[in-house]
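Have a look at the structure below, then the notes.
The values are calculated or read from the model by the stated rules, or taken from the named source; none is laboratory data. Given the structure is predicted, the values throughout are model-derived calculations rather than measurements. Backbone-built Cβ (ideal geometry, glycine too); neighbour counts: all protein chains shown. Ligands, DNA and RNA are excluded from the accessible area calculation, which covers all protein heavy atoms including side chains. Shrake-Rupley method; radii C 1.70, N 1.55, O 1.52, S 1.80 Å.
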Amino acid sequence: MARQILDNKFGAFAFWAGIMLLAAAVLSPASLASESPLDVNIELSKTVLKAGQEQVVYLLIDFEGRKIVSTQKRPTLNLALVLDRSGSMKAAGKMQYAKQAAKMVVEMLKPTDNLAVVEYDDRVTVLWPSSPVEAKKMLQRRIDALSPRGSTNLCGGMMKGVEEVEGRFDPEQISRVILLSDGLANRGVTSPREIKRLVSQVKDKGIAISTMGLGVDYNEDLMQDIAQYGGGSYYYIENPKQMGRIFQQEMATLFKTVVKDANLILNPSLAVSKVQIFGYGGNEHKGQTKVFLGTFYSGEKRSLLMKLTVKPQQAGPVSLGNLVLYYLGASDQEPHEELANLGVTASMNEAVILTSISNKVVAEAALIEADERHKAAVKLYKEG
């Protein structure tokens, strides 16, 4: 993402001023750090609020996937490569590099993995239906035969890749669509809002979508949004020669999965009147705010920012609700649940309030909000 907003640690649930977030299932910070495949750190922009006054509190949550040893058996993969073969791929030999990278991915996979290859311009074709990777040379010859033509039905190609992965979906596998395009969505579904809605639905099914933008003339915002709302990764490929390395990087992360289907749920207290999520699409239902985080890989760092509008009625302890993290452990394939209570203190003492402020969280929140405003301004400019 332009700035991937989900970078640091979930090993202990703690607030900046020493206010500890106690795990409901008798999870102490020490036991959580030793057992959880995710290190998580939770920090508030301030831990003391002014009583009787509505104010904003930022909640910064840093995640880091635990490192795993390289000898650990990697999970089986269920992949779809979606390749843009529109006319613009002819420029600067991009089509040739795309084919070389795709063939390299085929070579990296095992016979126990499933792979589909979808190619699209204004038409969408399943070049190779999802199946075990056994006839590598035949598949590579079919990829080699591709040539640039037509315009770009990006969403159609992407959703056909999803359909192929979905047809062989297994919760014990890593399911992912890798979309590569150098063009703009000018055929089929082109509305960014509709495309984001579609990929969010796909993500909820446990299938992530990663995107790779190639060249200088492409819709960067759309490619970023697809990866963000699709639970995958976004890459900008400045030069086609980078594609092989990028594919290797994407494949390497899939081989080192530590957590799958992660969801973070905020259950706000009555003191919280509004919740805003930055960096991820949040769904609000019956007072809960749910954020789908998807898959975490060994050593991966992300950060999530929540903006809470709070009005404590009187001085003293104030509950902000709780956070619940659900995920499927990649090593044991078992569901896990971790809970942290959120709380601050309300006071009329201005000096105490000022000393409770976390400059780190305030600065991070300012940067993220400025980035959001910039993207909104650019979008309005493009729309005239």
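Things worth noting here:
- Global geometry of the stretch 136-175, whether rounded, prolate or oblate, following the gyration tensor of its Cα atoms and the 1.5 cut on a/c: oblate
- Cα-Cα pairs of the stretch 258-384 separated by more than 22 Å (percent): 52 percent
- Shown in residue order for the stretch 202-214 are the 3J(HN,Hα) couplings computed by the Karplus curve 6.51 cos²θ - 1.76 cosθ + 1.60 at θ = phi - 60°: 5, 4, 5, 8, x, 10, 9, 10, 9, 10, 10, x, 10 Hz (x for Gly and Pro).
- Derived scalar couplings ³J(HN,Hα) [the stretch 122-133; Karplus, 6.51 cos²θ - 1.76 cosθ + 1.60; whole Hz; x for Gly, Pro]: 7, 9, 10, 10, 7, 5, 8, x, 4, 6, x, 7
- Per-residue SASA remark: ASP225, around 40 Å² accessible (1.4 Å probe; ligands, DNA and RNA not included).
- Probe 1.4 Å, all protein chains present, accessible-area order of ARG168, ARG373, ARG245, largest first: ARG373, ARG245, ARG168
- Spin-label zone in the stretch 145-179 - amide nitrogen under 17 Å from a point set 7 Å from the Cα of GLU194 along the C-beta vector: 152-160
- Trypsin sites (Lys or Arg not before Pro) lying in DSSP loop within the stretch 73-112, provided at most 11 other Cβ fall within 10 Å: LYS73
- Sorting GLU220, GLU119 by solvent-accessible area of protein heavy atoms yields GLU220, GLU119, largest first, with a 1.4 Å probe.
- Taking GluC sites (Glu not before Pro) across the stretch 161-219, the ones in a DSSP loop with at most 13 further Cβ atoms lying within 10 angstrom of their Cβ are GLU172.
- Think of the stretch 48-165 as having a plus end and a minus end, set by charges on the Cβ of Lys, Arg, Asp and Glu; of GLY156, ALA92, ALA116, ALA92 sits farthest toward the positive end of this dipole.
- Accessible area (Å², 1.4 Å probe, nearest 10) - HIS336: 60 Å²
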